[in-house]
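Read through the structure below, which is laid out as structure tokens, and then see the notes.
The values are calculated or read from the model by the stated rules, or taken from the named source; none is laboratory data. It should be emphasised that the depicted structure is a prediction, and the values quoted were computed from it without experimental measurement. Ideal geometry is used to build each Cβ from the backbone, glycine not excepted, and the neighbour counts take in all protein chains shown. Note: accessible area is taken over every heavy atom of the protein model, side chains too, but ligands, DNA and RNA are not part of it. Shrake-Rupley method; radii C 1.70, N 1.55, O 1.52, S 1.80 Å.
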Amino acid sequence: MAWQGLMAEFLQVPAVTRAYTAACVLTTAAVQLELLSPFQLYFNPHLVFRKFQVWRLVTNFLFFGPLGFSFFFNMLFVFRYCRMLEEGSFRGRTADFVFMFLFGGVLMTLLGLLGSLFFLGQALTVMLVYVWSRRNPQVRVNFFGLLTFQAPFLPWALMGFSLLLGNSILVDLLGIAVGHIYYFLEDVFPNQPGGKRLLLTPSFLKLLLDAPQEDPNYLPLPEEEPGPLQQ
């Protein structure tokens, strides 16, 4: 019964958050069970473009390291802030949300080439946190009961936490940079004099993922109009 209740709760999570979180957990479980090796997942341009191992373009965003504190820490932030974005500013806009993932993933991959970064899941997490924090600047965040501050400081707190753990902050900086580029192009530039939206979600994504909108000029047929039942 507990398992059924957990599954029912999980199925209430928005689709993109549910799919990405599940993919991350399943990938880590496969590595933990030695069904996969991290060497099959990491981003390697030579193997991608010369050996056509194109899955690495995706799998490097799904692996957060072996089961441990770092994995659960990242999963907590992925699930929480991905869900809040999808249920908040992207509510009813699944295609736009997926396009943000695609834009961020492509840009991180290109910039990651410069820094020889092999796994970019943490950078994607920081990007999600950054976009949420800029769209909710008045929200006060409690950081593990230690600090309380306005939401825009959260990405920087995460970077500081990585530094305290002895990790490289290059991945965090990449996530912040890509998150800021997305936020500027999507939220800031279109509202400037002479500005316009440059990030346009492809129509095929909208057809696939978004519910069709009703045509305001549609006139129903007489038999479709509500009225008394005819005997």
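Some observations on this one:
- Checklist (1) closer than 22 Å to residue 176 by Cβ; (2) assigned to a helix (DSSP H, G or I) applied to residue 48, failing item: (1)
- Residues that are open to solvent by 50 Å² or more (accessible area, probe 1.4 Å) and either touching a helix residue (DSSP H, G or I) at 6+ places or on another chain (Cβ under 8 Å) or of a type in the set (D, E, K, R) (or both) within segment 71-88 comprise 79, 80, 83, 84, 87, listed in sequence order.
- Scan of segment 139-166 for residues that are farther than 21 Å from residue 122 by Cβ and either in contact (Cβ under 8 Å) with a residue 24 or more places away in the chain or under 22 Å from the mean Cα position of the chain (by Cα) (or both), ordered by number: 139, 140, 142, 150
- Test: residue in segment 71-82 that is more than 28 Å from residue 205 (Cβ to Cβ), among the aliphatic types (A, V, I, L, M) and within 18 Å of the chain's Cα centre (by Cα): yes
- If the condition is being open to solvent by less than 80 Å² (accessible area, probe 1.4 Å), out of contact with any strand residue (DSSP E or B) (no Cβ under 6 Å at 6 or more places or on another chain) and within 20 Å of residue 70 (Cβ to Cβ), then segment 136-167 contributes 143, 145, 155, 158, 159, 160, 161, 162, 166, 167.
- Meets criteria (touching a residue at least 60 places away in the same chain (Cβ under 8 Å) and out of contact with any Gly (no Cβ under 9 Å at 6 or more places or on another chain)) for residue 60: no
- Segment 103-135, subset surrounded by 18 or more Cβ atoms within 10 Å (Cβ to Cβ) and not in a helix (DSSP H, G or I), residue farthest from the chain's Cα centre (by Cα): 117
- Looking only at residues in segment 174-208 that are open to solvent by 50 Å² or more (accessible area, probe 1.4 Å) and modelled with pLDDT of 95 or more, the one that is farthest from the chain's Cα centre (by Cα) is 184.
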